[in-house]
Amino acid sequence: MNRLQVAIVDYGMGNLRSVANAFKAVAPDTTVAVTSDPAQIAQAERVVFPGQGAMPDCIRELDARSLRQAVMDATQQKPFLGICIGLQMLFQHSEEGNVPGLGVYAGEVKRFPQAKMVDVHGEKLKVPHMGWSQVHQTQPHALWQEIPDQARFYYVHSYYVVPDETALTAATTAYPFDFTGAIARDNVFAVQFHPEKSASAGLQLLRNFVNWKP
Amino acid sequence: MGCAKRIIPCLDVTDGRVVKGVNFLELRDAGDPVEIAQRYNDQGADELTFLDITASSDNRDLILHIIERVAEQIFIPLTVGGGVRKVEDVRRLLNAGADKVSINTTAVVNPQVVEDAAGRFGSQCIVVAIDAKKVDNQPFEWEVFTHGGRNPTGLDAVKWAQKMVSLGAGELLVTSMDRDGTKIGFNNPLNKAISEAVDVPLIASGGVGNLQHLVEGVTVGGADAVLAASIFHYGEFTVQQAKDYMREHGIEVR
């Protein structure tokens, strides 16, 4: 088996083709594959950890495929990109189904509180938070290269991460309060939005990930 | 500080071609779906909706191929609807590259499909499409119709919207049958009534004839996204012109 440059972790929760398509578009010479083989993930140069659906199901399916260890190892060893639930699962605990996450980072995954979802004009904000919102970069990072601060990315989620350590946050988005839109630590970068669906800004972030040397 | 209001060009697809009708009838050809999708993407569309308007079983595979081709080159959300009858249909469309699947007639015939699909794939990818028409013979104002607008259901569109959200719909695509293809503007009272009754985003559809209609869809109708077909297909306006116009009128756009 050839060593993959980018392994996209497949644990059976939804369609990962758009993530793979986006990598193929930005890095046509890179070997990219969607895989549920722990050995292939262990050997890959870079790991992408996407996710959609409900977090309890994601954790269950990850364990059903014996992928937890491969993912945990990747967070310690190589360039790692978490997307959406793939960000949320890195934390200790989620309000969604009241389940423990992988616990790579201390913190909680919370639901947008319906009662507080009103903007400055008194307009009701919908949950899920679905659409293009501005992403404010709170620390410089290789993955933000060529992406303007406050660029808009596509979000679709009802839960968001609250890291214990605020220094983990790499970007915030206001909806209506500032929540963590991205985190960064050593070889790990993870985002709540969907770069694979965020047009040119999203594609640039994926291109940056392929070239990233943490 | 919320989300930018989305502009969603809608591609009605039949026999592998994009078409457009008036009041759900009189179809005319508007071009190749992949080419049109690419053009709207380049113009800055926030999302694309494909509706398989014939949705026979032969047609089903055709739209899957179209979605696959579009998803390889376009990196914005894609919604696909038309003829979704089973959870398995939802899975096939998602696997072809759809980000969201829109369910219309089946939601009425078998609401369990909405609940099961949302439970399995998440509410974020389940859009319930509601075709509504103003009626005089009911104790409510707007009635839900199915089968491409042919069959009345006796259901109140506002209550129906709430029920669909309670079953797990993550978004509602509300089409006014009275307005579809007429170019006289969205049915803003209908959209407003539904938007205020639910917490999920609402896409307004049916009746756009000019850019002011898009603005009113948001400011009067309370829509989170505005969907239009003919004003874009026949080159009257580009998506970029629509965004510029909305921005000039104080609406947050991407």
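The values are calculated or read from the model by the stated rules, or taken from the named source; none is laboratory data. Given the structure is predicted, the values throughout are model-derived calculations rather than measurements. For neighbour counting, all protein chains shown are included, and Cβ atoms are generated from backbone atoms with ideal geometry for every residue, glycine included.
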Quiz item: in contact with a Phe, Trp or Tyr (Cβ under 6 Å, 6 or more places away or on another chain), surrounded by 13 or more Cβ atoms within 10 Å (Cβ to Cβ), aromatic (Phe, Trp, Tyr) and in contact (Cβ under 8 Å) with a residue 24 or more places away in the chain, is that true of A:TYR159?
Solution: no
Quiz item: Applying the selection to the stretch B:196-245, what residues are among the hydroxyl-bearing types (Ser, Thr, Tyr) and more than 18 Å from the chain's Cα centre (by Cα)?
Solution: B:THR219, B:TYR234, B:THR238, B:TYR245
Quiz prompt | Residues satisfying the stated conditions in the stretch A:1-23, i.e. surrounded by fewer than 16 Cβ atoms within 10 Å (Cβ to Cβ) and either farther than 30 Å from B:ARG120 by Cα or facing chain B (nearest Cβ under 8 Å) (or both) | solution = A:MET1, A:ASN2, A:ARG3
Quiz item: Any idea which residue in the stretch B:118-148 is surrounded by the fewest Cβ atoms within 10 Å (Cβ to Cβ), counting only those that are closer than 30 Å to A:CYS84 by Cβ and modelled with pLDDT under 95?
Solution: B:GLY119
Quiz item: If the Cβ limit is 9 Å and pairs must be 6+ apart or interchain, which residue in the stretch A:192-212 that is over 15 Å from A:ARG152 (Cα atoms) and more than 12 Å from every other protein chain (Cβ to nearest Cβ) pairs with which residue that is buried (at least 19 other Cβ atoms within 10 Å of the Cβ) and of a type in the set (D, E, K, R)?
Solution: A:PHE209/A:ARG46; A:VAL210/A:ARG46; A:TRP212/A:ARG46
Quiz prompt | Residues of the stretch A:87-99 classified as outside any strand (DSSP E or B) and more than 16 Å from the chain's Cα centre (by Cα), total | solution = 4
Practice problem: Say whether the condition of being touching a residue at least 40 places away in the same chain (Cβ under 8 Å) and in a helix (DSSP H, G or I) is met by at least one residue in the stretch B:169-188. | Solution: no
Quiz item: Hey, among A:GLU61, A:GLU123, which residue is closer than 21 Å to A:ALA42 by Cα and at pLDDT below 95?
Solution: A:GLU61
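Of the residues A:GLY82, A:GLY51, which is crowded, with 22+ Cβ neighbours inside 10 Å and either within 21 Å of B:GLY170 (Cβ to Cβ) or in contact with an Asp or Glu (Cβ under 6 Å, 6 or more places away or on another chain) (or both)?
Selected residue: A:GLY51, the only one of A:GLY82, A:GLY51 that is crowded, with 22+ Cβ neighbours inside 10 Å and either within 21 Å of B:GLY170 (Cβ to Cβ) or in contact with an Asp or Glu (Cβ under 6 Å, 6 or more places away or on another chain) (or both).
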